[in-house]
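What follows draws every value from the coordinates through simple rules; no lab data is involved. Values in this document were obtained by computation on a predicted structure and should not be read as measured data. Neighbour counts are summed over all protein chains in view; Cβ atoms, including those assigned to glycine, are modelled from backbone coordinates with ideal geometry.
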Amino acid sequence: MKVFISQPMINKPNDILYREREEVVKQLKAEGYEVIDSILDIPNATPLLYLAKSVELMNEADGVVFMKGWEQSRGCTMEHDIAVLYGKFVKLL
């Protein structure tokens with residue numbers, strides 16, 4: 001099963017974001033999931049552009065994995081709503 005990771009990113013430096021994501025990717029691969037590379041490096045991007053690109057990547061996934069703290073992230077909660085509305089498998093960490 002191919003999964004997209006939804007990760008809260010507000011107020012976290014890139015090194016912490018990458019480390020947290022790396023741990024989740026390892027866990028998911030050990031569980032047999034194929035993880036879509038969803039690290040987006042878009043200079044001067046707005047949060048709305050990141051959300052749009054995330055939805056595009058979610059389209060390629062069978063499911064979406066939501067990292068701890070997703071409920072407090074505006075983008076992650078919108079990704080959750082989209083995943084549920086469009087029948088994606090959802091896994092909460």
Checking rank on 67-73, 13-19, 41-47, with mean other Cβ inside 10 Å and highest first, the result is 67-73, 13-19, 41-47
With each label point set 7 Å from Cα along the Cα-Cβ vector, what nm distance links ASN11 and GLU60? 3.2 nm
Would you mind giving the three semi-axes, in whole Å and largest first, of the ellipsoid equivalent to the chain according to its Cα gyration tensor? 18, 16, 12
Expressed in nm to one decimal, what extension gain is obtained for the pair ALA45 and LYS26 from 0.36 nm per residue of sequence separation less their Cα-Cα distance? 4.1 nm
